[in-house]
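Novice: Below is a structure I'd like to ask you about.
The values are calculated or read from the model by the stated rules, or taken from the named source; none is laboratory data. Please read these numbers as outputs of a predicted model, since none were measured by experiment. No Cβ is skipped: glycine too gets one built from the backbone with ideal geometry, and neighbour counts run over all protein chains shown.
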Amino acid sequence: MRSNTLSEYYGLDVEKLYAYSSGEVYDAYKLFGAHFIEWNGESGVRFLVYAPNVKTAYLSGDFSYWEYMENEMIKVEDTGCFVLFVPNLKSFQKYKYVFIGDDKIIWKSDPYAFMSEGPGKSASVIYKSEDFKWEDREHLEYRSNNNYDRPISIYEVNLASWKKDYGKYYSFERLSTELVDYVLELGFTHVEFMPVTEYPFDGSWGYQQTGYYSITARHGTPKDFKNLVNSFHKAGIEVILDWVPCHYPKDEFGLAYFDGSALYESDYWHDAYNPEWDTLNFDYGRKHVKNFLISNLRYLIEEYHIDGFRMDAVSYMIHEDMGKLNPDSSYNEFAISFIKECNEFVRSYPGVLMFAEESTSFYGVTKKTEENGLGFSFKWNMGWTNDTLKYIKMDPVYRGGENHKLLTFPMVYAFNERFVLPFSHDEVVHMKGSLFNKMPGENFDKFSQLRLLYLYQYTQPGKKLIFMGGEFAQFKEWDEYNQLSWELLEVEQHKKIFEYIKSLNRFYKNRRELYENESSWDCYEWLEADNYVQNIIIYKRKSLESEILVAINFSPQNIMEHSVEVGNIKYRVVFNSDSEVYGGRNKGSFGELHPNFGKIKIGIAPYSGLILEALYD
């Protein structure tokens, strides 16, 4: 028998609780968790948890000296939910749920907690969302009118290790000035935070979460995080969050076997267990799982004004053997349906972007769902990244022949999706070395090739992403426990790489040829694709109204008077990666180049690239 009254369970809509496990409830965070309410003239907190396989549930906390027997929760009919109202509680008090099973007692954090204790501890924290004066109305209006034909250059950052305060985590307050000013100076259009919702283990980089609704306490309060986002928005920079709907850790206080049974994971261990990360996979066939995750997107968009999400591990989600990546496996239709629902939901917030970390050739990642696509805004082009880094790491002696195709093959599929070209954290961990140390040769050659790598990235079709430290040629690979090597910015060559990235971002944002109309061959034209002897590639990038020419030399040879067919159009060099300003030797072409019999002659320094603009009379 279902209740027809809203007053019986502290004002809860019981019909909505029934729908939680059988329908769509995409604002579940407004029901579940700890909420301040007035009840019968008393102020207090209403706690609601979904634990359908539990016979008896209790609430425990510091307010009861962690005794729980006096706070038995009320079962809400057959909804699977338990509720309790406790008067006179305050923000920042700690709590947990206690479930009594047939043979054991289970202590759990609140899946919907708005704040958690932080690393090393596991209690949830009562938190009342404070009034926050957002100052980003202009930003949100601008965002809502955005389309894909715009410059997007992303600075990917791990907040726990960007900078340290004498070994301690930087606060959101300090990040609101120092990080914002830094990203603004570099000229990036977007910042992407590796996961910032609560996770117990730094070594997971945030990708094994126990508090999807809790901004990590490492850096401050939820209000402090709002101020960080607000500061970025006031600076004209959009904020992307890494979001992890694939899997979660096995920590006993978290989602794992939450009510003593498989609640968020599959009943079958083969489907539940993810051997890739020793974690548990979400079961997308369960309605409450979809409601939990899609509500999480809504919460982060509405509560924190987030501008976009990068969905982690999409490849693992869409294959039936999740976490095993069996290339012959069938697709997980529940996961595919869930992903489509996520993207359709986010589309209701104009301008909010969805990025897919998807490493296979799955069809239609960025196609609209009504066209049988997954509905993402952009897909990380990990094939391009792998081929490019494989090529650039080679001794130049081996860059010719068949290996030259590592540069040209990515163009075969460059317009199959809307892509981001990422040099992400994944490329500078697990003994892979930093980007700088992937370059062969002596230090001068390494710096030259790193500049060339970035020029190549910024002039290829696709949006751009660079992981922190890459902007000043960090020597060592990323270490999540220590800050970046900031002392390198006192070294001339590293400071010049920093200035180089600033110049590239400025140039990129000011040249429509590099970001407009990127969905087809209309934006690109090969002029010289197959020069594997000299390791040269030359191509045009085109907007609807103009074009630029890009010439790249991946060899250690100084290319002199190389002929390029351009017709009767004059060109002017507007960017030379070998400029002395950036640490080069001022070799190669500069200034205007006039055609002779339909050709211009260019010089390209070793490991360098040029960008030339057409001059029309």
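Novice: Is there any pair with a first residue in the stretch 392-404 that is in contact (Cβ under 8 Å) with a residue 24 or more places away in the chain and a second that is assigned to a helix (DSSP H, G or I) and among the polar types (S, T, N, Q) whose Cβ atoms are under 8 Å apart and which are 6 or more apart or on different chains, and what are they?
Specialist: As it stands, the answer is I392/Q449; M394/N403, since those pairs meet every condition given.
Novice: Look at the stretch 137-173 and say how many of its residues are hydroxyl-bearing (S, T, Y), buried (at least 18 other Cβ atoms within 10 Å of the Cβ) and out of contact with any strand residue (DSSP E or B) (no Cβ under 6 Å at 6 or more places or on another chain).
Specialist: Of the residues in the stretch 137-173, 3 are hydroxyl-bearing (S, T, Y), buried (at least 18 other Cβ atoms within 10 Å of the Cβ) and out of contact with any strand residue (DSSP E or B) (no Cβ under 6 Å at 6 or more places or on another chain).
Novice: Look through P275, P249 and report the one residue that is more than 30 Å from Y182 (Cβ to Cβ) and surrounded by fewer than 19 Cβ atoms within 10 Å (Cβ to Cβ).
Specialist: That would be P275, the only listed residue that is more than 30 Å from Y182 (Cβ to Cβ) and surrounded by fewer than 19 Cβ atoms within 10 Å (Cβ to Cβ).
Novice: OK, next. Going through the stretch 148-173 one residue at a time, which ones are free of Cβ contacts under 8 Å to residues at least 40 places away in the same chain and either touching a Lys or Arg at 6+ places or on another chain (Cβ under 8 Å) or part of a loop (DSSP other than H, G, I, E, B) (or both)?
Specialist: Across the stretch 148-173, the qualifying residues are D165, Y166, G167.
Novice: Oh, and also: Would you be able to say whether some residue in the stretch 84-95 is under 39 Å from the mean Cα position of the chain (by Cα), crowded, with 18+ Cβ neighbours inside 10 Å and of a type in the set (F, W, Y)?
Specialist: yes
Novice: If I filter the stretch 51-66 for residues that are in contact with a helix residue (DSSP H, G or I) (Cβ under 9 Å, 6 or more places away or on another chain), within 20 Å of S124 (Cα to Cα) and assigned to a loop (DSSP other than H, G, I, E, B), do I get at least one hit?
Specialist: no
Novice: Identify, please: which residue in the stretch 479-510 is in contact (Cβ under 8 Å) with a residue 60 or more places away in the chain and in a loop (DSSP other than H, G, I, E, B) and is, among those, surrounded by the most Cβ atoms within 10 Å (Cβ to Cβ)?
Specialist: Checked the stretch 479-510; the qualifying residue surrounded by the most Cβ atoms within 10 Å (Cβ to Cβ) is L484.
Novice: Checking F188 against (1) among the aromatic types (F, W, Y); (2) in contact with a Ser or Thr (Cβ under 9 Å, 6 or more places away or on another chain); (3) under 30 Å from S109 (Cα atoms), which test does it fail?
Specialist: Evaluating F188 over (1) among the aromatic types (F, W, Y); (2) in contact with a Ser or Thr (Cβ under 9 Å, 6 or more places away or on another chain); (3) under 30 Å from S109 (Cα atoms) leaves (3) as the failure.
Novice: Within the stretch 12-34, restricting attention to residues that are among the acidic types (D, E) and out of contact with any Phe, Trp or Tyr (no Cβ under 9 Å at 6 or more places or on another chain), which residue is nearest to G44 (Cα to Cα)?
Specialist: Residue satisfying both the conditions and the ranking: D13.
Novice: While we're on this one: Would a scan of the stretch 378-399 turn up a residue that is under 30 Å from Y268 (Cα atoms) and out of contact with any Pro (no Cβ under 8 Å at 6 or more places or on another chain)?
Specialist: The answer is no; no qualifying residue exists.
Yes/no matrix, rows are residues, columns are (1) surrounded by fewer than 19 Cβ atoms within 10 Å (Cβ to Cβ); (2) at pLDDT 95 or above; (3) part of a loop (DSSP other than H, G, I, E, B):
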residue: R2; (1), (2), (3): yes, no, yes
residue: T5; (1), (2), (3): yes, no, yes
residue: V45; (1), (2), (3): no, yes, no
residue: K75; (1), (2), (3): yes, yes, no
residue: F99; (1), (2), (3): no, yes, no
residue: D102; (1), (2), (3): yes, no, yes
residue: W107; (1), (2), (3): yes, yes, no
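Novice: Still on this structure: Among the candidates S214, S176, single out the residue that is part of a strand (DSSP E or B) and surrounded by 19 or more Cβ atoms within 10 Å (Cβ to Cβ). Please lay out each step first, then the result.
Specialist: Details: S176 fails: part of a strand (DSSP E or B).
Result: S214 is the single residue among S214, S176 that is part of a strand (DSSP E or B) and surrounded by 19 or more Cβ atoms within 10 Å (Cβ to Cβ).
Novice: I'm trying to understand the selection: among the residues of the stretch 24-43, which are under 12 Å from T79 (Cβ atoms) and either of a type in the set (S, T, Y) or surrounded by fewer than 19 Cβ atoms within 10 Å (Cβ to Cβ) (or both)?
Specialist: Once the filter is applied, which keeps residues that are under 12 Å from T79 (Cβ atoms) and either of a type in the set (S, T, Y) or surrounded by fewer than 19 Cβ atoms within 10 Å (Cβ to Cβ) (or both), the stretch 24-43 yields nothing.
Novice: Restricting to the stretch 265-279, count the residues that are within 18 Å of K290 (Cα to Cα) and touching a residue at least 40 places away in the same chain (Cβ under 8 Å).
Specialist: Counting residues in the stretch 265-279 that are within 18 Å of K290 (Cα to Cα) and touching a residue at least 40 places away in the same chain (Cβ under 8 Å) gives 1.
Novice: So, restricting to strands (runs of 3 or more DSSP E) that lie completely within the stretch 524-617, which ones have at least 3 residues that are surrounded by fewer than 18 Cβ atoms within 10 Å (Cβ to Cβ) and either at pLDDT 95 or above or in contact with a His (Cβ under 6 Å, 6 or more places away or on another chain) (or both)?
Specialist: 524-531, 559-565, 570-576
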